[in-house]
Structures are given as structure tokens and as C-alpha cells.
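To keep things clear, I will list the structure first and then write my remarks on it.
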Amino acid sequence: MNARKPVALVCTALCALGFATMGETAPPPTVTAAMPSSAYAGTIALDVVVSGSNFDRTAKVQYFVAGTTDPGGVTVKKVTYRSSSELVTTIAVAKSADLSKFDIVVTLDDGRKGKGTTLFMVQAPPSYPANRAWHAFTSNGGTDVTTSRLYMYGGAGSNWMVVPADLWHYSAYGDRWTLVNPASSTRPGGRQ
């Protein structure tokens, strides 16, 4: 009987350890917000801060047209881990991207996954700049009506704390405004 007692104690200890570790699964990531929450079709590079919880350095992020597994023209170029509650995704939005709301899915290397629904939206580029004050203009130095452009940047709208980081040019020849999307992923931020 004494020989069975140590074996029984070892079995009991192993069972207790097994039950303890089975109940300690790490929670899946949650995805609660994206900032900014929208972009224009044709955006070359935009940093979107994805907020939530239970992120780790292995996080991969995907954008899908809401309710589908279709990326809809949004490509994640880079994911930067800031903390367990914040990731920065650098995305590109194709000119032909779906004009729709998007879900954001965060997947970790261990298989845990979380999804935030309709947190991001792709919009058609505007055909006219938003009203603003304190902006600046400069010419491209064109010498005739077909090549002259007047560039407008900076300023602020009705909410003076929101400074747009956009660049527009006006063509007198076509009598139209055009939102300029640079070919490079580096660009200056908003300014007045």
C-alpha cells in the first residue's frame, strides 16, 4: 500500500497541473477602433492606428469589405506594434478599391484572431477641396494656360484643430480642382 501512495500523489499532481494549464488560455485580440477611420480611393500610403487589446509583436492585420473575405483593394504594407492595445498599419488603397465599409482582422502567430466590424471606410476622392482658412497657394510657374497650375495646401476648416494633409491643384484650362496623390509613400503632414 505504501508503494501505491507516491504513484497516486504523482498522478494527482499531474492531473491538477493539466487542469490548471487547460483553463489558462490567452484571450483573443479585440479590435475596437481605427484612426483615421476612412481614406480616399487612390491613397498611396496612410498610417492607420488600430486600437484594441491583447495584441503582440506577431500581429498581422487585414482589411476586408464588411462581412466578406475580399480585401477590396486595401493592401497592408506594414504593421508596427506599439503596445498590446495599439498597432499602426501602413495601407495603400487602390484607385479601383471598393467604396465600402471595411472590417479589420488581427491575427496572431499562435492562431488567436479578433475582428472589428465596419471600423474603416473607403470613399471616392472629392472633386473639390473642402472649405478652409489659413491655407497657402503657389504656382508651378507654367507659362501658358494649358500648363499653369495653382497649388493649394494646408489651412484648417470649421474645426481649426483638424489640419488637412492634402494637396490640390487648380487648372484654369480645365476649370477644375484635382486632389494630388504623390507616387511616394513619404509626404509631409498637415500644416497651416
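Determine the gain in length on full extension of the stretch residue 179-residue 94; use 0.36 nm per residue of separation and subtract their C-alpha separation, reporting nm with one decimal. Before the final figure, lay out each step's value.
Details: separation 85, 0.36 × 85 = 30.60 nm, distance 1.49 nm.
Contour length minus the Cα-Cα distance gives 29.1 nm.
So what does residue 150 come to for accessible area, using a 1.4 Å probe and Å² rounded to 10?
Residue 150 has an accessible surface of roughly 70 Å² with all protein chains in place.
Ranked from the most accessible area to the least, with a 1.4 Å probe and all protein chains present, what is the order of 169, 135?
135, 169
Using a cut-off of under 15 Å, list every residue of the stretch 105-123 whose amide N is near the label point 7 Å from the Cα of residue 25 along the Cα-to-beta-carbon line.
108, 110-114
If the viscosity is 0.890 mPa s and the temperature 25 °C, what translational diffusion coefficient in µm²/s does Stokes-Einstein give for the stretch 87-162 when Rh comes from Kirkwood over Cα pairs? Can you show the working numbers first?
On the way: Rh = 16.9 Å.
The calculation lands on 146 µm²/s.
Which FRET efficiency value, to the nearest 0.05, do you get for residue 118 and residue 139 by plugging their Cβ-Cβ distance into 1/(1 + (r/R0)^6) with R0 = 30 Å? The partial results should precede the final answer.
Numbers: r = 42 Å, r/R0 = 1.41.
That gives a FRET efficiency of 0.10.
Roughly how many nanometres apart are two label points built 7 Å out from the Cα toward the Cβ at residue 146 and residue 76?
Modelled inter-label distance: 4.7 nm.
Given labels modelled 7 Å from the Cα in the Cβ direction, how far is it in nm from residue 69 to residue 35?
Inter-label distance under the simple model: 3.3 nm.
The values are calculated or read from the model by the stated rules, or taken from the named source; none is laboratory data. Since this is a predicted model, take the numbers as computed values, not measurements. Positions of Cβ are generated from backbone atoms using ideal geometry, with glycine treated the same way; all protein chains shown enter the neighbour counts. Ligands, DNA and RNA are excluded from the accessible area calculation, which covers all protein heavy atoms including side chains. Shrake-Rupley method; radii C 1.70, N 1.55, O 1.52, S 1.80 Å.
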